[in-house]
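Undergrad: One structure follows; several queries about it will come next.
The values are calculated or read from the model by the stated rules, or taken from the named source; none is laboratory data. Please read these numbers as outputs of a predicted model, since none were measured by experiment. Glycine also receives a Cβ, built like all others from the backbone with ideal geometry; neighbour counts cover every protein chain displayed. Just so you know, the surface numbers come from the protein's heavy atoms only, side chains and all, with ligands and any DNA or RNA stripped out. Shrake-Rupley method; radii C 1.70, N 1.55, O 1.52, S 1.80 Å.
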Amino acid sequence: MSSSNHIVIIGGGPGGYEAAHVAAQLGAEVTVVDTDGVGGSAVLTDCVPSKTLIATSELMADLTGAQELGVNFRDHEGDAATSIAVDLARVNARVKQLAADQSVDIAARLDRDGVRVVTGRGRLGPDLTVVATTADGEETIEADAIIVATGASPRTLPSAQPDGERILTWEQVYDLTEVPEKLIVVGSGVTGAEFASAYLSLGIDVTLVSSRDRVLPGEDADASAVLEDVLTRRGMNVLGQSRMQSVTRDGDTVTVTLTDGRTVSGSHCILALGSVPNTADLGLDEAGVRTDDGGFITVDRVSRTSARGVYAAGDCTGVLMLASVAAMQGRIAMWHFLGDAVAPLDLKKVSSNVFTSPEIATVGWSQKSVDAGEMQAEVVTLPLAGNARAKMQGVRDGFVKLFCRPGTGIVVGGVVVGPRASELIHPVSIAVAESLTADQLANAFTVYPSMSGSVAEAARRLHRV
Ligand SMILES: Cc1cc2nc3c(=O)[nH]c(=O)nc-3n(C[C@H](O)[C@H](O)[C@H](O)COP(=O)(O)OP(=O)(O)OC[C@H]3O[C@@H](n4cnc5c(N)ncnc54)[C@H](O)[C@@H]3O)c2cc1C
């Protein structure tokens with residue numbers, strides 16, 4: 001390790017700023033070149049804003065279920081209130097403020113670590129340099145190693161162009177000041193499902209247009225089935241096998257035309273069509289950095305690209321588009337380059353969550369892999385409805401599913417569907433990361449009554465003599 005190493009990072013999202021912290025900790029000089037404010041899309045337009053919006057929608061969902069638990073609402077004259085309403089302008093103002101504050105916090109931490117942040121657009125120059133175009137002109141910065149962590153942007157189609165008012169990308173929804181009368185969400189992947197679920201909980205009429213036969217086609221099929229059942233029961237119109245051809249606007253009406261000729265009309269439409277990597281005009285070809293057909297930078301498991309000294313992290317690599325993975329790829333790059341202990345990225349240890357209501361959290365090997373024979377595993381699925389805490393809280397939907405190896409009993413994966421599944425998955429993640437057996441997971445005490453009791457109970461059911 002040498003303090004003379006200069007690391008230059010293009011992009012200040014989790015892939016970039018986490019790498020900057022590690023490099024600074026290991027004694028390197030660090031410069032981050034970023035266009036939009038540190039924190040990246042994760043903080044300014046994607047994770048942080050969407051999860052802040054979802055915090056309000058969760059509260060609304062809880063309030064909607066409050067009567068079952070014996071709570072009545074009264075208006076200021078003491079009469080029974082018949083509805084609760086959301087003030088979207090206030091919600092969105094809070095979302096934007098929280099995101100901006102988070103970016104300021106990250107900038108302050110980088111500053112404390114002695115990281116220089118250059119506001120501007122970076123691209124690779126010759127001989128391990130980065131050329132930053134700033135308001136003051138061009139600066140060429142020499143590096144010992146470079147990390148490209150430029151993220152990705154919402155995919156749009158020529159036939160479905162956002163206008164920022166009624167046809168919106170997920171980055172534009174926080175400019176809404178009034179509740180949409182009838183919202184159409186196109187795309188039933190994680191982003192589409194999260195927004196559809198969130199706005200439904202806010203009391204909005206939502207239609208979800210899905211090109212596949214079920215929502216969340218990439219997730220555990222049992223989990224998707226529970227979610228789709230809950231969403232439709234709560235009044236969402238879920239259109240399966242419905243591929244969008246175009247989205248057009250006429251005055252206050254937005255029309256989604258499907259490839260089979262059907263049309264769906266609403267007041268607003270959110271496009272959740274996936275992401276494209278921000279890898280154009282970065283000088284990648286000239287620097288010998290290989291990309292795949294989709295424009296994603298090709299990396300190995302320690303974040304190296306095909307060009308010596310150039311690493312890449314996060315969404316621009318398309319490895320697994322999560323903030324947590326971006327951050328880990330960035331850290332791994334620096335541990336690798338600066339000679340610290342490093343373990344290659346292992347996607348089978350990544351836990352992830354879909355922040356719908358109910359949430360869906362997963363880690364490790366999936367049911368699909370087990371069914372396809374890629375991994376031999378025993379499976380137990382335990383509905384949450386039997387859990388005492390769930391009954392007290394009025395929770396009926398959801399389950400805990402665990403996979404363990406036959407013979408050794410080592411836990412290799414799990415799925416949790418339910419409220420706060422994102423928190424409940426953690427013991428399963430530890431079991432997967434540390435190769436714990438189902439018995440070990442079962443034998444740790446859980447609080448009574450608790451939802452986590454179902455994780456232990458599922459593990460107990462995998463006990464074999
Ligand atoms: C709606 C939504 C919700 C999400 N929620 C979650 C979640 O809950 N949990 C989770 O783990 N993941 C979530 N994700 C995914 C997560 O946002 C991304 O995986 C994460 O942002 C990737 O981080 P990154 O560092 O690669 O890129 P980004 O966060 O996109 O940051 C890249 C930065 O680089 C800048 N940049 C681009 N080009 C240049 C250039 N040439 N020069 C200088 N700067 C440049 C960009 O402006 C940006 O600031 C969500 C995604 C979406 C769309």
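Undergrad: In region 408-416, is there at least one residue being polar (S, T, N, Q), out of contact with any Gly (no Cβ under 7 Å at 6 or more places or on another chain), at pLDDT 95 or above and crowded, with 20+ Cβ neighbours inside 10 Å?
TA: No: zero hits.
Undergrad: Here's another thing I want to ask about it. Only residues that are under 19 Å from Thr45 (Cβ atoms) and of a type in the set (Gly, Ala, Ser): list them for region 162-196, please.
TA: Residues satisfying the conditions are Gly164, Gly187, Gly189, Gly192, Ala193, Ala196.
Undergrad: Tell me, which residue of region 121-159 that is within 10 Å of the ligand (Cβ to nearest atom) and part of a loop (DSSP other than H, G, I, E, B) is surrounded by the fewest Cβ atoms within 10 Å (Cβ to Cβ)?
TA: Across region 121-159, the extreme among qualifying residues is Gly151.
Undergrad: To continue, here is another question. Give me the pairs: first residue in region 280-307 and within 20 Å of Arg331 (Cβ to Cβ) and free of Cβ contacts under 8 Å to residues at least 40 places away in the same chain, second residue open to solvent by 70 Å² or more (accessible area, probe 1.4 Å) and of a type in the set (Lys, Arg), beta-carbon distance under 6 Å, and six or more apart or on different chains, which are they?
TA: From residues that are within 20 Å of Arg331 (Cβ to Cβ) and free of Cβ contacts under 8 Å to residues at least 40 places away in the same chain, the pairs are Thr298/Arg290.
Undergrad: Looking at region 4-39 only, could you name the residues that are near the ligand (Cβ under 8 Å from one of its atoms), open to solvent by less than 10 Å² (accessible area, probe 1.4 Å) and either at pLDDT below 95 or not in a loop (DSSP other than H, G, I, E, B) (or both)?
TA: Ile10, Gly15, Gly16, Val33
Undergrad: Further, regarding this structure: Of these, Ala312, Ala326, Ala343, which one is closer than 22 Å to Glu219 by Cβ and among the hydrophobic types (A, V, I, L, M, F, W, C)?
TA: Ala326
Undergrad: Among the residues of region 204-257, how many are touching a Ser or Thr at 6+ places or on another chain (Cβ under 7 Å), loosely packed, with under 15 Cβ neighbours inside 10 Å and basic (Lys, Arg)?
TA: 1
Undergrad: Please state which one of Glu58, Glu77, Glu68 is farther than 13 Å from Ala323 by Cβ, modelled with pLDDT of 95 or more and among the acidic types (Asp, Glu).
TA: Glu58
Conditions tested, residue by residue: (1) more than 10 Å from the ligand (Cβ to nearest atom); (2) touching a residue at least 40 places away in the same chain (Cβ under 8 Å); (3) part of a loop (DSSP other than H, G, I, E, B); (4) open to solvent by less than 20 Å² (accessible area, probe 1.4 Å).
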residue	(1), (2), (3), (4)
Tyr311	yes, yes, no, yes
Ser324	no, yes, no, no
Ala333	yes, yes, no, yes
Ala341	yes, no, yes, no
Gln376	yes, no, yes, no
Asp397	yes, yes, yes, no
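Undergrad: Can you work out which of the residues in region 80-92 that are free of Cβ contacts under 8 Å to residues at least 60 places away in the same chain and open to solvent by 60 Å² or more (accessible area, probe 1.4 Å) is nearest to Glu178 (Cα to Cα)?
TA: Looking at the filtered set, the residue picked out is Asp87.
Undergrad: Taking the stated definitions as given, is Ser306 of a type outside the set (Lys, Arg) and open to solvent by 60 Å² or more (accessible area, probe 1.4 Å)?
TA: So Ser306 does not fit the description; no.
Undergrad: With (1) open to solvent by 80 Å² or more (accessible area, probe 1.4 Å); (2) assigned to a loop (DSSP other than H, G, I, E, B) as the list, and Arg109 as the residue in question, which single condition is left unmet?
TA: (2)
Undergrad: State the number of residues belonging to region 325-360 that are among the hydroxyl-bearing types (Ser, Thr, Tyr) and over 22 Å from Ser435 (Cβ atoms). Reasoning before the result, please.
TA: Going through region 325-360, the residues among the hydroxyl-bearing types (Ser, Thr, Tyr) turn out to be 351-352, 356-357.
Keeping just the survivors that are over 22 Å from Ser435 (Cβ atoms) gives 356-357.
Of the residues in that region, 2 qualify.
Undergrad: Pairs needed: first member in region 433-454, of a type in the set (Gly, Ala, Ser); second member anywhere, in a loop (DSSP other than H, G, I, E, B) and surrounded by fewer than 21 Cβ atoms within 10 Å (Cβ to Cβ); C-beta distance under 8 Å; at least 6 residues apart or different chains.
TA: Between residues of region 433-454 that are of a type in the set (Gly, Ala, Ser) and residues that are in a loop (DSSP other than H, G, I, E, B) and surrounded by fewer than 21 Cβ atoms within 10 Å (Cβ to Cβ), the close pairs are Ala438/Gly409; Ala438/His463; Ala442/His463; Ser452/Thr446; Gly453/Thr446; Gly453/Val447.
Undergrad: Right, something else. Report every pair of residues separated by at least 6 positions or lying on different chains whose Cβ atoms are under 7 Å apart, first residue within region 1-30 and more than 19 Å from Leu128 (Cα to Cα), second among the aromatic types (Phe, Trp, Tyr) and more than 8 Å from the ligand (Cβ to nearest atom).
TA: Pairs found: Val22/Trp335.
Undergrad: Select from region 160-202 the residues that are within 16 Å of the ligand (Cβ to nearest atom) and among the charged types (D, E, K, R) and list them in ascending order.
TA: Answer for region 160-202, where residues must be within 16 Å of the ligand (Cβ to nearest atom) and among the charged types (D, E, K, R): Glu171, Asp175, Glu194.
Undergrad: From the residues in region 40-72 that are part of a loop (DSSP other than H, G, I, E, B) and among the polar types (S, T, N, Q), which one is nearest to the ligand (Cβ to nearest atom)?
TA: So the residue we want is Thr45.
Undergrad: How many residues are under 24 Å from Ser352 (Cα atoms) and acidic (Asp, Glu) when one looks only at region 199-252?
TA: 6
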